[in-house]
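The values are calculated or read from the model by the stated rules, or taken from the named source; none is laboratory data. Predicted model, so just to flag it, every value in this text is computed and none were measured. Positions of Cβ are backbone-derived with ideal geometry, glycine not excepted, and every protein chain shown enters the neighbour counts. Each accessible area value is taken on the protein alone, full model and side chains, heavy atoms only, with ligands, DNA and RNA left out. Shrake-Rupley method; radii C 1.70, N 1.55, O 1.52, S 1.80 Å.
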Amino acid sequence: MGLDHSAALLKTPAADVRGATISLQNVSKRYATLRGDPVLALDKVSLDIGAGEFVSIVGPSGCGKSTLMTLIAGLVSKTSGRILVDGLDVQGPIRGAGVVFQKDVLMEWRNVLRNVLLPVEVRGLEKASHLAKAQDLLRSVGLSGFEERYPAELSGGMRQRVSICRALVQNPALLLMDEPFGALDALTREQMATDLQKMWMRERSTVVFITHSIEEAVLLSDRVVVMSSRPGQIADILEIDMPRPRGAEARKDPRFVASVDAIRRHFMALGILSES
Ligand SMILES: Nc1ncnc2c1ncn2[C@@H]1O[C@H](COP(=O)(O)OP(=O)(O)OP(=O)(O)O)[C@@H](O)[C@H]1O
Ligand SMILES: [Mg+2]
């Protein structure tokens, strides 16, 4: 048995391929407005994301970024196409992914700590180690001492940080984050991006990260997916080939500057940005 075990260990991929894989194949999503008019939010989107990859999605407001994320999470149903997570067809809510929604969905009747521990309770995971993890996470986002507070007593940025801790508490192999830093002040935002990068370098979970910040996308990602206006389609995918950790110096790297510039030019072509 000892031998078998070590053989299995040898075959185990390095820690850098821990995450889940995602495959979107010709995925379209059509909503109906309250009046019943059709809205084509996504039009035949295809994208493959590898295990342990950090992929950001940028695009104009209303282009279908949140829709794409909720489709991967299995929280809304696609109109057509295929969505696979770890090779399995997504038919309903997927288990075990950490999700940060654009608008935080904290449970107002649970205190901060019990909000963070919600996925642990739902999945019946071991309590003691996760309690320690939850407390660590809260400390790392500057919320020690707030464990017993209720969401109504927190600022928007604090609520968002609680949501991020909740998504991370179970060490998910897949992290889906929709504008997770949107409600944070600029300094906290920069620090949280640095911390997320560190966490990702340690855990190598697969991350799908939606952001309105081109710089943030380039700084954090292996690839940046640029979407066009509704109906959302993929306009371009940029590989960000820069060593990590990427700190303040990385922002001056010619590769960083060129990637940011290329994405800006896309947005200019789409009429979302104009030259000053
Ligand atoms: N439940 C819904 N019913 C009808 N239309 C919807 C629904 N959800 C989204 N839409 C429409 O689908 C399109 C894409 O919405 P989505 O929220 O995915 O965009 P987004 O890229 O995340 O935008 P933002 O950057 O503003 O968050 C929008 O035109 C929106 O009005
Ligand atoms: Mg959105």
| field | Selected residue (criterion: farthest from ligand 2 (Cβ to nearest atom)) from residues of the stretch 148-181 that are acidic (Asp, Glu) and open to solvent by 50 Å² or more (accessible area, probe 1.4 Å) | value | Glu148
| task | For the stretch 252-266, enumerate the residues that are basic (Lys, Arg) and under 21 Å from Gly59 (Cα atoms). | result | Arg255, Arg264, Arg265
| said: Of everything in the stretch 20-62, what is closer than 16 Å to Ile237 by Cα, in a strand (DSSP E or B) and within 13 Å of ligand 2 (Cβ to nearest atom)? Give them in sequence order. | reply: Ile57, Val58
| task | Mind listing just one residue for me: the one in the stretch 29-38 that is at pLDDT 95 or above and surrounded by fewer than 18 Cβ atoms within 10 Å (Cβ to Cβ) and, of those, nearest to ligand 1 (Cβ to nearest atom)? | result | Tyr31
| request: Could you tell me whether Leu113 is more than 27 Å from Thr211 (Cβ to Cβ) and open to solvent by less than 30 Å² (accessible area, probe 1.4 Å)? | output: yes
| Would the stretch 202-216 turn up any residue that is open to solvent by less than 30 Å² (accessible area, probe 1.4 Å), among the β-branched types (Val, Ile, Thr) and in contact with a Lys or Arg (Cβ under 6 Å, 6 or more places away or on another chain)? | yes
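Please go through the stretch 63-109 and pick out each residue that is part of a loop (DSSP other than H, G, I, E, B), open to solvent by less than 50 Å² (accessible area, probe 1.4 Å), of a type in the set (A, V, I, L, M, F, W, C) and more than 16 Å from ligand 2 (Cβ to nearest atom).
Hits for the stretch 63-109 are Val90, Ile94, Ala97, Leu106.
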| query | If you go through the stretch 125-147 one residue at a time, do you hit one that is closer than 30 Å to Cys63 by Cα and open to solvent by 50 Å² or more (accessible area, probe 1.4 Å)? | reply | no
